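Q: Before anything else, here's the structure in question.
Any read-out appearing in this document is the output of simple, stated calculations on the displayed coordinates, not a laboratory observation. From a predicted model like this one, the values you see are computed outputs, not experimental measurements. Because the Cβ atoms are built from the backbone with ideal geometry, glycine has one as well, and the counts that use them run over all protein chains shown.
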């Protein structure tokens, strides 16, 4: 089971890096996709958030393959996923994002749950 959880965690981490890089390179495209109005300040902020997403994805991959285990990185990556979920839901509720962004929130919620599960698996071993 741990092998499958590790693989799923890797896939989520890689997708976090890719989506973060997409937000850096094309923030307007991503904002329009999730139903937000695009302005220069919002696009800049969104690109900055993409930078941190990419960093957290890379940190999680590093933790996956680190011989030291790096439990703190796994735990804090789960917090990042839960925080991202809450932020997107708040954006939907405040009319910033369309309901399509709910898929992003759901993915982040499930990712956070999986990361916590993986954290607990590694803590026991």
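Q: Equivalent-ellipsoid semi-axes (√(5λ), Cα gyration tensor) for the chain, whole Å, largest first? Walk me through the numbers before you get to the answer.
A: Working: eigenvalues 158, 44, 23 Å².
Ellipsoid half-lengths, sorted descending, are 28, 15, 11 Å.
Q: Take the Cα atoms of the range 43-89, find their three principal axes, and give me the spread along each one in whole Å, biggest first.
A: Each principal axis gives a Cα extent; for the range 43-89 these are 38, 19, 10 Å.
Q: While we're on this one: Arrange the following residues from fewest to most other Cβ atoms within 10 Å of their Cβ: 29, 56. Display every interim value, and only then the final one.
A: Details: 29 12, 56 21.
Ranking 29, 56 by Cβ neighbours within 10 Å, fewest first, gives 29, 56.
Q: Ok, one more. Could you list 59, 53, 1 in order of exposure, starting from the residue whose Cβ has the fewest other Cβ atoms within 10 Å? If you can, show how the numbers build up before the last one.
A: Numbers: 59 19, 53 23, 1 7.
Neighbour counts put them in this order, fewest first: 1, 59, 53.
Q: Right, another one. Give the shape of the range 1-69 as rounded, prolate or oblate, defined through the alpha-carbon gyration tensor: a ≥ b ≥ c are the square roots of its eigenvalues, a/c under 1.5 means rounded, and otherwise the shape is prolate if a/b is larger than b/c and oblate if not.
A: Values: a/c = 4.54, a/b = 2.38, b/c = 1.90.
In terms of gyration-tensor shape, prolate.
Q: If you average the sequence gap of Cα pairs under 8 Å that are 6 or more apart and divide by the length of the range 2-124, what percent do you get for the contact order? If you can, show how the numbers build up before the last one.
A: Numbers: 148 pairs, mean separation 37.2, N = 123.
It rounds to 30 percent for the range 2-124.
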